[in-house]
Every structure is written in structure tokens, then in C-alpha cells.
Amino acid sequence: MGQREMEVNKMRCLILFLVFLMVSATSPGVTSTADHIEDPAPPASLGGVWDDSPSGGLYGIISYDDVVVVYNVNSEVSCAIMENFTRRRGIPPDRVVGVDVPERESIDRDTFNTLRTQVESALQDRKLTQKINYIVTTKGVPLRVWGPGSSGSASVDSELALILGPYAGYIGGAYWIQNPYYGENERFSREKYGFYLVTRLTGYNLSDTLSLIERAERSGGKRGIFLLDVDPGKGGGYAAGNRWLRDANSTLRSMGFETYLDETTTFITDFENCSGYASWGSNDGHYSTTWNKNQGFEEGLNHWEFAGEGEVMLNTSYPYRGGRCLEVKKNTTGDFIIAQNVSVRGSIAYYISGHVNMTGGVVHFTAEVFTSSGALLLREKGGTVSGFTSGWALLRQLPLKPLPPTASKLRIVINISGKGEFYFDEIRLLEVKPHNTWIPGAIAETYVSSSGRTFTWPPYYGQSAIADLIREGVSGVKGYVYEPYLSAMAEPDILFPRYVSGYTMGESYYMASPFLSWRGVVVGDPKMCPYGLQAEITSSTVLKEVVNPGEEVRIAVNVTNIGFGDIRDLPLTLHLEEAGLPDLNAVINISQGQQVVVWFNFSAPTPGTYRVRLVLNEEETIPFMSSSGAEAEVTFRVNSLPEVLWMSSSSPYVRRGCNVLLSAEVRDVDDGLLPLTFSSWIIGPGGVNATLEMSLENSTLSATFTPPLSWDIGFASLHLVVRDPWGGCVHDTLNDAFFVLNNPPGVSNISWTTEVRRGSLFTLNLTLNDPDTPAHMLEVSSYLERNEERVELEERREGGEVTFTSLIPASIKTGLYDIHLTLEDGINSTELLYPKAVDVLNSPPSIKLLSSPPNVLVRGEVVKLDVLGEDLEDPKGLLELRMEVGEGVEVSAERLLPGRWEVSLEAIRNAPLGPTELTIWVEDSEGGSSFPLILTFELINAPPEVRIISFELTSPGNKGDLLSTLNAVIEATDPDSGEGVELILNFTGESPFTVNLGRVNGRAHFKMIIWGNLTPGGWMMRATVVDSDGGVNSTEWITFVVVNSPPQILSAEAIASDEGASLTLHIVDPDLPPGHSLTLQVLSGEKLIFEGLVGMGEVTVELNLSSPVESLTLNVSDGYSYSTLTIPVIRPAENATLEGREEGGGVLPVALALAGAASGVLIAAYIYRQKRRGSVQR
């Protein structure tokens, strides 16, 4: 704004202010409503805003003496708002402060200090520092102040709150200070709390702001619904916001106010009759709703239209978001259009946003709005983007005010002119939410960081703005000019309960806000107080509840002022239209806390009951007044005589000893609200009387009467007297009310067997009743019947107790049978029928075992069971056997005779071991089934089989010496698997050992050569088999003997020498273990000349002989047996060789030891191929 324009605005504001002074002095107390201005910008002359609107409004109802209004002399809008508000509220000129600062929303600290100084000087000069509680700023006064630093940024209003008080030193400091009024529950006083309550009157334009002022005047007594919209996705540090909403809901409900707490994932819109609102606003995870389609061109070119000079294609290389964007190439300067048609709703505000990346040219949005018939309602053009953007840039948003109510279609148009390459992405049409409907006096809070960032049209949308709530119809709201953090919000669980308790809007917001000198801005009339002035009818009593026609009705009404101020000229109306009388009116003046009694007197109308209504402030002549407790009802009655409308008997004939219901309807014009008293009696045949006690329910009298058995037969009459408490009385008689008759016989306590099987006993019990005839004189009979089948019942009686029984024949059909019962007393006969009362059922067959079942089943084994089924109803009937068997068992049955079967169970080879069941039952031809027999078996393994077919040694008598052969044939099988078994040979002797021959299925042939290292002596062998299930079986032990093989002297030669003789031998021992030695003895005659250990093979021994000998005797022993040989001694001169003679040998009864481990290696090594010495062949 230029200097000249600023001076002109100052002059206009001065003129307005002077006129305001004159109007304030000449026209107090006149009530009116301010005119609305629809244009967003003020006209050149603002006279119509204030000059045509008489002063008054809330003036005289609520005092604004503690309010100062601050306006900007450089802003026409600010001046107009100041004039309108101060005149309507009766604010005197000394409470108005004009500041000379630039007309912009953001200022620096120096400019703020200039503003601050002007306000402080005005308050001090006028001595208002301690007289003022509220400061009201207006649109045009700067909104936010920047610095020092980001932590020092704040709202202008929040900083002004601290001026001229103990907290003034904190202005401009980093972050915030604690609000001493936070959480309190008392009226605000600047003197006590040391700061001012600052609110602002603002909106997108002058019209929005004046509507805000006007709505406050209409807020008194209005009631709506508090909408509390939880975002269930908010957790962690944000959970407190949801907790405030839930706590607010609980508190408001406990105070009697209607709420709607939404905890779904839906962001609530279009809510009607809203009196309070709190939500997460655009921070709600489900806030955004895009109305157009394919905004990111991920569906190609669908839903979009193109026209003009240019080439259109999809680009996947440079998208702003997602995988695609739209590319337009233009080589001419002509225009090119991109458009999409979208269905919209009337009365809702929208905005269009998008992103562009361009190398030249000019781009802007246009929005065209049409009716459903295609008529153009409006066309709006957005700002332009031109030239080279060097990357993605925002297209200038195009905000749209709430569309006309008839709007149906909106056309998004992107206008491109000039040459260049253009890329577009995320072209979106979004709605401005929540577009609720609000009652006057409604207040709101949204958890949105920058909701109060601007009140200038058009705004830039990212986060939601409270200016849109003001335009929708909110009367009070708090927003934030910069990021305040969640902890700075006005907490709904304090805000709303304080507001509905009668505190002003300003008090309520500040009690709910923890911080001062921070970033909040409260918008609205600070003293708006819809719930503050409150009078209620505490009692209303009629002096005499029942009067007679012509008497005076007197009603006393107690009215109490329970609000926060005095009430003057309060109208009280008594509505008597129901009584056909004119209404009565009274005017009351009540001071705060006072109670007055108002009397209404009038003549009673015609007889009847009347409910009349009392209403305070019915025409809402007093604004800001709550309607709670403002209505009451009083009931009074004009008495009339009671009436008997009709009398009746439930039956024209009644048998002696039976009951008859006698009734009469009585009416009193008082609608029976007061109790009546009654007396009644019966006049019987022959004139005999009987007293009757009748009871009243609603308007009907009734009583049950039983004619005595002693009465004669004939007519009886009913006589009735009705009295009310006020002396009214009526007599009436019902002549010949009923005729007394004889009582026919009947039964009671009847019971029977409802279900009975054929062949079973049916029983029917009953008690005979006949007041006229003794029970023993009554005749009674009964039978069962279905179609043409009938079962007679036999009677047994003891006094009046009768029992009928019958054995149900097996031959009748099943189904539902009727009970027929006949009673006769000699005069009357009674036929009783109980249809389909007895269900005759089939008797099921039975089943049993004639043979004992086994406890176990061996796999491969077949077990036979003898099963018998019986049907007593039909012994010759054909029964069917049913069977179910568990896993691993096969079952079959052979019918031996009717009702008798042989059941075969066979355990399957390789079936899993463990328990299994067999369930068997029989069924008859009518579907009857016996109880099942459940047999449990343990399925076990069949042990493997093994036997030795043959066993022999080559030596007789099962004795073997060196190189004797052990031959055996063994048969081994597994009967329940056929997979073969593991065959193991066990040998016992001095050194037992085991031979594992592996898996065998059938016969196994093997032989073992008795080798020299097998210990001589008695041995036994046994064959053992193990199947795959772990089953084990063994043969009996077979005994055999192993004997030693003696050493042999193959040759020997002794040659004499001078010293003695030289002896050379060749010795063998087939079963001498390796490492063992033989014992050699040399004798001459009986003289032992040498003894020592020698090995096998050729041995040379030098002998010392004391004298020549002719021959030598040689003995060789292996410890078990020995060999003997006598040879000559050869003289050298004789030059001759003598052959020795083996004189024989013997077998020592000693076995040669062989280690068990070595034996095992020896035999196992020759099962399949030959190795080392000896062999075992299979």
C-alpha cells in the first residue's frame, strides 16, 4: 500500500470513528441485526456497514466495560469491523484504540514493538490498565510476528496478552510461558492473573467477520450437538489428543449435553446442528478426499480431454510422484487445453492444486461450475506460472468459495500458452472440510499446526484453515500461526465443559490453553456466553390440585437466577390454551443468585384434567440466555362425578362351583388420576346376597365370582356403587347378569407318557372333578387312536384319582396318537380329546457277542467273532449288521442265521501298531438302531520266525579238529511284513562271539571251517532274528566240541661231534597261534638231556653229551597235545643218515584259546568273500 493510500485510509477511519462517537451517544439500547456484505472486498464507502445498522445488539444485556478494541487505522476493513462491533456491544470510545502499523499479516519485532507501544500508551493514558480484562483485535491488525529466531515467533494476540503486567518481560522471548489461568474454574480477572484475554474479530473478508459478530448475538439459549472426531490411528505422543476428545465426551454427557464421539477411520463431514467441534482437521489420516480421477496419470490419459496445438504423451522418466506424468510438447504459440469434468456438490468449498515442470510458456488453472442441466454458474481463473521452472513447481492453487447450491459439475481446465515442454502431475480437486452446519454460538478447535496462518483470501492450502470454519458458521475458534506442538492446543476436555458451564468464550479458551506468549489466536466475541445468563423455573405448584367448577385456580412459580449476571425484564408466560383460556404473562427482574415467586390466578374451566405450560423468555427477547430449565408444566383438575359406562358378565351361564368374571368400566372426567372407592354385591336366585370385592385396573373394575353349590338354579344380578374422594357417587345394577347351571364333570392334574415304545407300558393319570357329583359315581373311559388303529386303556381308580394303562402292542404302527377321554355324571357327558398327544416309537433292536473278543490282534492273524442281533418287536424281521473298524484292520461278516453273523477280523500286514476299535450295531427295517458295541484291540507285531534246518560237523559226534567244517542251514522269515529279518549267530564257549549275517528272507546256507585259533572245548550256537518292528526270536542252543590238532615232527637228524651232538628238526603245528612256542624235550633213554622252547619250521639244537649215545627220543608239545620221535645219533665216520620213527602222539584235553574279537573278525570276514585263513560260506 502506498503512502497516499495509507493516508486516505487513515482519514476514512477517523471519519468512521467520529460518526461512531455520535451514534454511541444518541442511540443506546436499540436491538437489531447487522447487515451482511457479500462482496469479499469493502466498497469505496463503508457507510452502509454501520450507518444503516442501529446500535444495540447485546448492549445492556452483557457489560463490555472491561473490553478494549484495537484496530488498524491503515485498514478500511479493520475500521469497519471496529465500528460495527463497538456500536453493537455498546463499547464506549475510550475503550477503542487505533494503531498505525502496516496492513499486513506478518511483521517483524520492530513493527510489533511499535504496535505494542501504541496500545500500552493508550491504556495507560486512559487509566484502563487495571479496568480491562479483554482486548479484541480486528482483521487488518497484524496477525503474527517473526523472531527473534524461529523459537521467538508468536502470534501478535498472544504477545499483547502480556503487556503492562508481571509477564511483560517475557514478550519476544524464546518459546512460551505457562498460562496461570490454565485449568482454572473461576471468572477471569486481569488483576488476579496478571494478563489480558485477547481475541480477534476476523475472517476471509468483511462479510465473514460481521457474520461472526452477528452470530454471537443469536447464540443465547441455543442447543446442538458436540462433535468429537477421534483419529484412531494417532498413538504415541499424539494419543493425548484423542484422550482429550474422549474425556470431553464423558464430561459433557454427564452434564446433560448431547455429544457424538466418532472413533471410526472416517473423517466426519456434513454434520448438522453442531454446537461444539474438535478434531485433527487435515492432520486426520483420513481427511483428504480427491474428487477427480486419474490425477497422477497412472491410468494413462483416461478421464482427461485435450484440445489445441500440442503433442500429448505419457512420460515415465520425470514423474513428480508415482510412475507416470503427462508431457505436452508445444512448438507454436497457440493455446492448448487439458480438462476434466468432475461431479461436485453445491454449497461446498473446493480447491484445485497440481505440479508443473516446464521449459517456457505460461500455465494457469481455470474452474468452470455448471448446474445439472449444463448452465454455467461461475468461472474462476487461478494464478499463472511462467517461464523455466528448473524442476517441479507448484501450480498456483485455485481456491473456490462454497459453490452455489445448484452446482452439479465442475470442469478443471489447465490453460497452456506459448512454446515449450510441459510436464504435469498430481492434478487434484479437493474439498474444504468439514462443511458442517453450526448453531449460533458454536465453538471449535482443530489439532492443526498452521490453522490460523492466514485470514486472507485466497489462502494457500496444505493444512486446513480455521477461516473456512468461520465462513461455514462457527462463532468461536482457535488457530495457530506457526507450529505450536500438540501440547499448546486448547484442550477440549476443559474448553467445552467450561463453555457450557456459563463462562465466556474468551475465558473458556484461555482456561483450556496451557501457554501464553506463543502461537495461538482465538477468534470471536470474547464475551459471547450462550450459557451464561440462566434463569430456571425451580418449582411450580398449584395451590389446590382439585377444584370445583367456578372456584379459583392459583399457581405459584419459583424462578431462580442461576447464571452469572442480573436479568432484567424477563418474560414469563402461562399457556392456558388447553383449558380454553387466554395466556397470562408476567415480567420479572432477578438479581444474580436471587429467587422470586410469581402467582397466577384464574377461574376454573369446565370439569376435566388440565396440563398448562410455563415458559421463560419464550420469544428469546433476552439473548445469551440458556433455555435449560426454562419450561415447566402444572397439572390441575376440575372435579366431575364418576360414571359407570357398562357392566358385563363373561358368560350368560355359570355352573355351580365354577367361576364367572364380572366387569364394569368406570369413567371420571379426571381420567382416574385420583383413586375411587367401590362397593359391589351379587343378588342370587331367590334373593340371596353375596358380597363381591372388585379391583380396578386403568378404568375397568373386575372380580371373579363362584356360585355356591348350595345355590338354586336361576338368574343372578350385579349391583355396583362408585365414589370419588370429592363426594361424587353413582349406583348401577346389571340385572340378570348370569344364569346358574349344574356343573359338568371334568378332570385336572392330567398327565401321560408322551413318548412310549411298542411293547412298553403307557400310563395316563388324572383327577376327576365334579362339584355336583361324587367321584365314585362318575363313569370314565379312555383309548388311544390313530387313523384306524386303536388301543383301549384299562382303568384303575382310587377315589377321584384315576390311572389308565396299556401295554402298547408291537403290531401297531408308529406315530402320533390322540387321547380320547369320556366322563359321565348321569346328567352331563364330557368328551375330551388331546390330539397327537402320544408318540408311539419303534423299539430298537439289540446286539451282543456270543464269543469272547480278544484283547490283542496279531498282524496277519484272523479272529472270528460270533455276533447276535435281536428285535423283540419283530423276531422274524431282517436285521442289517453295520460295522466300522479302525486303521490297520479288515473286517467282514458272514450271515449264519437271521440275526446271527460270524465277523472276521484280520490285522493287515505292515499296519501301524497300537490300539484300534471295531464298532458294530444292527438296524431294523424301520430305521431303529441298537446301541453300538465298541470293541478295543491292541494291534501287535507278529514275531519273526527262525529255525535251524540242519547242523553238522565233518567229524562225527559234532566234534571238530583242525580244518573241520561246520555246515548249517537256517530258515528265517517275518510273517507280517515279508521284508526279511536280521539274522545273528551267537557262539558261546570260552570266548563267546557273535556273527551278524545281515537281512535274510527264507533259507540261509553257511559253513565255517574250524581254524587253529578257535579255543578247543565245548561250544554252543544259537540263531537269533530281529524284524523291522523290533520283534525278536531265537532257536534253541546247539552243542558241539572243538579239539586240538597236535604238533608234528616231519624230519629229524642228530650228528655226533667231539663236544656232543648237533640236532636238526622240522616241526609243524597247524593250529599253533601266532607268537606262541612249542616245548622240545630230548631224552637219552630216560635221561633228560635238553628241554626248551622252539618255534615251528626247521630247528637246530646243540647238545652237550658226557658220553656217546646211540639214539635220542624227541618230544614236542603245544601245551594241549604232543608228538614223540626216536632217532639214531650219526657218527661222522659212519657217514650215514638214519630216519626216525614216530612213535605216536596224543591229544591233550586242552582247548586252544581264541579271543572273541578275533573269532568274530575271522568268521564275519568270510561271509561274502574269502580272506586270510579259513572260510565261512553262505
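The values are calculated or read from the model by the stated rules, or taken from the named source; none is laboratory data. For clarity, every value in this text was computed on a predicted model and none was experimentally measured. Using ideal geometry, Cβ is built from the backbone for each residue, glycine included, and neighbour counts are taken over all protein chains shown.
Summary table below
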| read-out | value |
| --- | --- |
| Segments classed as strands (runs of 3 or more DSSP E), wholly inside the stretch 686-805, with at least 3 members that are without any contact (Cβ under 8 Å) to a residue 60 or more places away in the chain and more than 58 Å from the chain's Cα centre (by Cα) | 689-692, 714-723, 729-741, 761-769, 779-786, 789-792, 794-798 |
| Sole exception among (1) touching a His at 6+ places or on another chain (Cβ under 8 Å); (2) in the same structural domain as G826 (by TED's automatic domain parsing); (3) hydrophobic (A, V, I, L, M, F, W, C) for V721, by number | (2) |
| Selection count where residues are touching an Asp or Glu at 6+ places or on another chain (Cβ under 7 Å) and within 18 Å of D65 (Cβ to Cβ), scope the stretch 121-161 | 6 |
| Output for the stretch 221-269, where each listed residue is charged (D, E, K, R) and surrounded by fewer than 20 Cβ atoms within 10 Å (Cβ to Cβ) | R223, K234, R243, R246, D247, R253, E258, D262, E263 |
| Options G1030, G998: the member that is in the same structural domain as L966 (by TED's automatic domain parsing), out of contact with any strand residue (DSSP E or B) (no Cβ under 8 Å at 6 or more places or on another chain), surrounded by fewer than 17 Cβ atoms within 10 Å (Cβ to Cβ) and farther than 14 Å from L966 by Cβ | G1030 |
| Filtered residues of the stretch 813-837 (kept if under 25 Å from L741 (Cβ atoms) and among the hydrophobic types (A, V, I, L, M, F, W, C)) | L821, L823, I827, L832, L833 |
| Residue tally, condition of a type outside the set (S, T, Y) and more than 16 Å from P1128 (Cα to Cα), over the stretch 1067-1087 | 12 |
| Near pairs, Cβ below 6 angstrom, 6+ apart or cross-chain, from the stretch 295-312 (over 19 Å from E421 (Cα atoms)) to any residue that is charged (D, E, K, R) and surrounded by 14 or more Cβ atoms within 10 Å (Cβ to Cβ) | Q295/E426; Q295/R428; E298/R324 |
| Selection from the stretch 426-468 of residues that are outside any loop (DSSP other than H, G, I, E, B) and surrounded by 23 or more Cβ atoms within 10 Å (Cβ to Cβ) | I427, L429, W438, G441, A442, I443, A444, E445, T446, I466, A467, D468 |
| Qualifying positions in the stretch 744-756 - modelled with pLDDT of 90 or more and not small (G, A, S) | V747, N749, I750, W752, T753, T754, E755, V756 |
| Pick from the stretch 883-927, criterion surrounded by 20 or more Cβ atoms within 10 Å (Cβ to Cβ) and not in a strand (DSSP E or B), ranking: farthest from the chain's Cα centre (by Cα) | G899 |
| Close pairs from the stretch 502-526: first without any contact (Cβ under 8 Å) to a residue 12 or more places away in the chain, partner assigned to a strand (DSSP E or B) and crowded, with 24+ Cβ neighbours inside 10 Å, Cβ under 6 Å, at least 6 apart | none |
| Condition check for S282: surrounded by 20 or more Cβ atoms within 10 Å (Cβ to Cβ) and assigned to a helix (DSSP H, G or I) | yes |
| Residues that are modelled with pLDDT under 85 and among the polar types (S, T, N, Q), drawn from the stretch 843-872 | S843 |
| Every pair of residues 6+ apart whose Cβ atoms lie under 7 Å, when the first sits in the stretch 809-826 and is part of a strand (DSSP E or B) while the second is among the aromatic types (F, W, Y) and modelled with pLDDT of 90 or more | D818/Y834; I819/W752; I819/Y834; H820/Y783 |
| Index of the failed condition, E272 passing every other in (1) more than 27 Å from the chain's Cα centre (by Cα); (2) at pLDDT below 95; (3) surrounded by fewer than 12 Cβ atoms within 10 Å (Cβ to Cβ) | (2) |
| Qualifying positions in the stretch 225-257 - of a type outside the set (F, W, Y), closer than 30 Å to R89 by Cβ and at pLDDT 95 or above | I225, L227, A248, L252 |
| Top-ranked residue of the stretch 1033-1060 - restricted to ones that are among the charged types (D, E, K, R) and outside the structural domain of S950 (by TED's automatic domain parsing), ranked as modelled with the highest pLDDT | E1053 |
